[in-house]
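Trainee: Please see the structure below; I have some questions.
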Amino acid sequence: MSQFILEFIQQIINGLTLGSIYALIAIGYTMVYGIIGMINFAHGEIYMIGAYISIVVIAALAMIGITALPVVLLLTLLMTIIITSLYGWSVERIAYRPLRGRHRLVPLISAIGMSIFLQNYVQIAQGARDIAMQPLISGGWRFGDAGGFQIYVSYMQVIIALVTLAFMILLSLFILKSRVGKASRAVAQDREMANLLGIDTDQIISITFVIGAALAAVAGLLVGLYYGIVNAYIGFIVGLKAFTAAVLGGIGSIPGAMLGGVLLGLVESFSSAYLSTEYKDVVAFSVLILVLLFRPTGLMGKPEVEKV
Amino acid sequence: MKKFKVNSIFAAVIAFTAVNTNADTLKIAIAGPVTGPVAQYGEMQVIGAKMAIEQINAAGGVNGKKIEAVLLDDVCEPKQAVAVANRVVNENIRYVVGHLCSGSTQPASDIYEDEQIIMITPASTSPGITERGFKMVFRTIGLDSQQGPVAGKYIVEKVKPTKLAIIHDKQQYGQGIATEVKNYVEGAGFEVVLFEGVNKDQKNFSALITKMKSKGVDFVYYGGYHPELGLILRQSREQGFNAKYMGPEGVGNKDISTIAGEASEGLLVTLPADFTKLAENSELVNLFKSKNEDASGPFVMPAYAAVQIIADTITATKTEDTVINAEYIHKSSFKTPIGEVSYKENGDLNSFKFVVYSWHADASKTALAD
């Protein structure tokens with residue numbers, strides 16, 4: 001194979017890894033928007049908290065002598081999801097539920113406040129320095145002839161892609177098949193009607209926040225393992241990108257968020273590769289604008305019908 | 001109960017301000033990142049400056065006044081730096097040691113110059129800061145235009161790479177020094193196959209690394225700070241991209257080894273000469289040791305020197321009129337832990353030495369060439 005093709009494949013792999021993380025976080029934005037029509041700007045911080053918790057849990061497990069890799073990963077995944085979900089749930093209870101029924105700008109401001117609060121809270125609680133962690137999983141596969149350009153796929157990249165895929169399938173099944181999933185779709189369609197039909201809408205909204213936070217926790221864990229460095233401000237940029245991914249895919253649509261995330265990752269990877277790293281954000285947001293020009297509701301969003 | 005709480009906080013605030021407005025001390029602001037990703041460098045500055053202040057106070061202070069350090073946090077952000085500078089003005093502080101990052105020093109120094117506040121930066125190396133004919137702005141550190149050629153010379157004479165890439169973080173400091181290095185190596189006939197900026201706070205560099213790998217790059221110079229370079233090193237090793245890396249003093253920090261692990265072994269770093277190795281500093285170095293503080297950080301001794309220059313000047317001129325003080329600094333020479341210091345018209349040091357080090361995975365370093 002020519003070097004160009006090998007390089008192209010490598011960039012696809014790079015983009016998919018990045019895009020998987022965006023997709024996991026984007027789902028949190030899109031689900032909340034789908035159900036209560038609000039953009040939860042504190043969601044990036046939930047992801048940041050997930051990354052912190054995963055590193056703390058891994059360090060704690062190492063301290064009590066648990067080092068067998070599968071056990072560590074499983075326990076960390078569970079703990080991170082549980083604790084981060086608690087954060088997601090509390091944020092909704094404290095900052096959004098009391099404001100239900102107000103003008104839609106009110107919870108938006110509350111969300112921005114929550115975002116700033118969480119950044120500063122983590123900075124005070126965990127210290128201002130970056131926390132770095134040695135890689136737990138290193139190594140990977142090489143393809144191609146030894147002399148020329150080799151494609152490199154690290155185990156971590158494969159784990160990121162597989163874990164993302166697994167959680168996407170789980171989530172889709174949950175939304176499509178389970179009672180709660182059906183209820184949440186009903187709430188998304190018409191909250192008042194769903195309420196009249198006996199669905200506890202507050203509970204459904206809480207569950208939505210918990211699911212979003214759980215997926216952000218998974219993203220945080222994967223990023224903690226992959227990059228090995230966290231600080232209190234990593235949520236801001238990634239949150240913005242994931243939000244972009246959600247809008248790109250059509251905000252409110254779960255498959256859209258997945259598609260948008262992966263697409264954004266690929267766009268960034270390719271613009272870094274064939275234009276310049278300096279322009280990757282320019283290209284990413286240009287693609288967003290172009291898509292919105294031709295499909296104002298995003299790639300997979302349904303046209304919003306104004307309810308009378 | 002609630003009211004009581006509010007009152008007690010209020011009282012605490014008043015008490016705090018009261019301490020700060022004590023007129024019998026000479027206040028020196030130490031401005032730099034206390035928090036944020038490069039807070040380690042701010043800490044070096046604080047360690048050096050505080051030690052100098054303790055020493056001077058123990059010896060009786062300046063003209064009978066004790067020096068009081070006022071610690072201000074600019075998080076290494078230009079916007080925050082302006083807020084800090086305004087606070088210095090409002091609190092009527094006349095002397096500043098700092099700021100640290102060139103990007104913060106630049107906007108803050110505008111305010112200091114206007115308000116005739118003396119600022120000595122122990123860390124900002126961007127030439128732009130002293131290019132504006134300011135009278136109140138000084139450094140106790142060298143310039144990118146001195147550091148760049150040291151790196152460039154080493155690359156050209158010792159490394160002799162065939163395919164050279166230069167990456168920077170698009171900040172005043174990083175891009176500035178990367179450009180200096182680029183000019184030097186291109187002047188020596190080397191071709192730079194890639195000159196590109198990355199984003200500050202970027203975490204994923206895999207696309208860039210793949211690109212360098214496919215171009216067959218065998219040497220990378222990075223202009224910027226350690227959080228980004230640490231990740232680049234780590235991800236390079238992961239992709240099997242084995243080029244040699246080099247960076248300025250902004251990457252020479254023990255955290256780069258925490259982030260990059262084994263991948264930081266063999267990294268080349270230009271740092272100010274290690275002042276702790278100078279024979280005349282041995283007493284001072286022991287003093288740092290006895291306080292359990294690390295004197296070897298690149299900005300510790302320059303910060304010490306900055307405080308010392310301010311104190312010596314006020315003692316010699318017997319006034320806190322900063323215009324007279326600044327004139328004195330311009331025309332005098334000072335004996336400091338960074339050597340004999342004298343100034344050019346624009347506030348740059350007449351001479352300052354950078355040395356190339358080889359970095360190790362355990363965060364130690366070996367000097368390679370003078």
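Each value in this text was obtained by applying a stated rule to the coordinates, not by laboratory testing. Bear in mind the structure is a predicted one, so any value in this text is a computation, not a measurement. We place every Cβ from the backbone using ideal geometry, glycine too, and count neighbours over all the protein chains shown.
Trainee: Measure nothing but the geometry: give the 0 to 90° angle between the long axis through the Cα atoms of B:2-20 and the longest principal axis through the Cα atoms of chain B, rounded to 10°.
Mentor: Result, in degrees: 90.
Trainee: Turning to a different aspect of this structure: If packing is taken as the average number of other Cβ atoms within 10 Å across a peptide's residues, how do B:276-284, A:127-135 rank, most packed first?
Mentor: Output ranking for B:276-284, A:127-135: A:127-135, B:276-284.
Trainee: Can you pick out the pairs among B:LYS65/B:LYS318; A:LYS280/B:LYS211; B:LYS182/B:LYS215; B:LYS289/B:LYS335 whose Cα atoms lie more than 20 Å from each other?
Mentor: Over 20 Å Cα-Cα: B:LYS289/B:LYS335.
Trainee: For the Cα atoms of chain B, what angle does the longest principal axis make with the long axis of helix B:172-187, in degrees from 0 to 90, nearest 10?
Mentor: 40 degrees
Trainee: Going Cα to Cα from B:LYS277, which aspartates and glutamates come in below 14 Å? Please leave out same-chain ones fewer than 8 positions away.
Mentor: Correct list for B:LYS277: B:ASP294, B:ASP370.
Trainee: On to the next question. Return, for the Cα atoms of chain B, the radius of gyration and Dmax in Å, separated by a comma.
Mentor: So, for chain B, Rg and Dmax equal 21.4, 75 Å respectively.
Trainee: Still on this structure, I have one more. So what's the angle, to the nearest 10 degrees on a 0 to 90 scale, between helix B:39-58 and the longest Cα principal axis of chain B?
Mentor: For B:39-58 against chain B, the angle is about 40 degrees.
Trainee: Follow-up. So which aspartates and glutamates can B:LYS244 reach, going by Cα to Cα under 13 Å and dropping same-chain residues fewer than 8 places off?
Mentor: The reachable aspartates and glutamates, counting only those whose Cα sits under 13 Å from B:LYS244, are B:ASP218, B:GLU265.
Trainee: In whole Å, largest first, what are the principal axis extents of the Cα atoms in region A:1-118?
Mentor: Computed over the Cα atoms, the extents are 59, 46, 22 Å.
Trainee: Quote to one decimal, in nm, the extra length available between B:GLU186 and B:GLU262 on full extension: 0.36 nm per residue of separation minus the C-alpha distance between them.
Mentor: 24.3 nm
Trainee: In square nanometres and to one decimal, what's the mean projected area of the convex hull around the Cα atoms of region B:252-316?
Mentor: Working: hull surface 23.9 nm².
Computed as one quarter of the Cα hull surface, the answer is 6.0 nm².
Trainee: Students often check this: by mean Cβ neighbours within 10 Å, which of A:9-22, A:161-174 ranks highest, and how do the rest follow?
Mentor: A:9-22, A:161-174
Trainee: Can you sort B:ILE28, A:ILE81, A:ILE124 from fewest to most other Cβ atoms within 10 Å of each residue's own Cβ?
Mentor: With the sparsest Cβ surroundings first, the list reads A:ILE124, A:ILE81, B:ILE28.
Trainee: Then there is this: Could you calculate the FRET efficiency of A:TYR121 with B:GLU77 from 1/(1 + (r/R0)^6), where r is the beta carbon distance between them and R0 is 25 Å, rounded to 0.05? Write down the numbers at each step before the final one.
Mentor: On the way: r = 20 Å, r/R0 = 0.79.
The calculated FRET efficiency here is 0.80.
Trainee: Taking R0 as 56 Å, what FRET efficiency do you get between B:LYS318 and B:ASP274 from their Cβ-Cβ distance, rounded to the nearest 0.05?
Mentor: Approximately 0.95, to the nearest 0.05.
Trainee: If you don't mind, there's one more thing I want to ask. Once region B:104-262 is represented by equal point scatterers at the alpha-carbon sites, with solvent omitted, what log10 I(q)/I(0) does the Debye formula produce at q = 0.15, 0.21 Å⁻¹?
Mentor: Here the Debye-derived log intensity ratios amount to -0.80, -1.32.
Trainee: For chain B, what does -39500 (n - 2.57) per DSSP helix run (n ≥ 4), summed and divided by total residues, give at 222 nm, in deg cm²/dmol to the nearest 500?
Mentor: -13500 deg cm²/dmol
Trainee: For the protein assembly as shown, compute Rg over Rh where Rg is the Cα radius of gyration and Rh is the Kirkwood radius from the inverse mean 1/r over Cα pairs.
Mentor: Over the Cα atoms of the protein assembly as shown, Rg/Rh equals 1.01.
Trainee: Could you work out the mean count of beta carbons from other protein chains within 10 Å of each residue's beta carbon in A:269-275?
Mentor: Average neighbour count from other chains, rounded to a whole number: 4.
Trainee: Sticking with this one: Amide H to amide H, which residues 5 or more places from B:LYS27 or on other chains are under 5 Å from it, using H placed in the peptide plane?
Mentor: Long-range HN contacts for B:LYS27: B:GLU68, B:ARG94.
Trainee: What does the C-alpha gyration tensor say about the overall shape of region A:89-238? Classify as rounded when a/c is under 1.5, otherwise prolate if a/b is larger than b/c, or oblate.
Mentor: Oblate, since a/c reaches 1.5 and b/c is not below a/b.
Trainee: Moving on. Could you work out how much longer the chain between B:GLU115 and B:ASN63 gets when fully extended? Use 0.36 nm per residue separation minus the Cα distance between them, nm to one decimal.
Mentor: On the way: separation 52, 0.36 × 52 = 18.72 nm, distance 2.34 nm.
16.4 nm is the gain from fully extending B:GLU115 to B:ASN63.
Trainee: Let me know the shape class of region B:171-265, please: from the alpha-carbon gyration tensor, a ≥ b ≥ c as square roots of the eigenvalues, rounded when a/c is under 1.5, otherwise prolate if a/b is greater than b/c, or oblate.
Mentor: Since a/c reaches 1.5 but b/c is at least a/b, the shape of region B:171-265 is classed as oblate.
Trainee: I'd like the FRET efficiency for A:ALA59 and B:LYS158, computed as 1/(1 + (r/R0)^6) with the beta carbon distance as r and R0 of 30 Å, rounded to 0.05. The partial results should precede the final answer.
Mentor: Numbers: r = 40 Å, r/R0 = 1.34.
So, using R0 = 30 Å, E works out to roughly 0.15.
Trainee: Taking the beta-carbon count within 10 Å as an exposure proxy, list B:TYR357, B:TYR41 from fewest neighbours to most.
Mentor: So the ranking, lowest neighbour count to highest, is B:TYR357, B:TYR41.
Trainee: Let a ≥ b ≥ c be the square roots of the eigenvalues of the Cα gyration tensor of region B:232-370; is it rounded (a/c under 1.5), or, if not, prolate (a/b larger than b/c) or oblate?
Mentor: prolate
Trainee: Work out which helices of chain A, taken as complete DSSP H runs, extend at least 27 Å along their axis over the Cα atoms and score a mean Kyte-Doolittle of 1.0 or more, then list them.
Mentor: A:3-36, A:43-63, A:69-91, A:105-126, A:155-177, A:201-227, A:254-274
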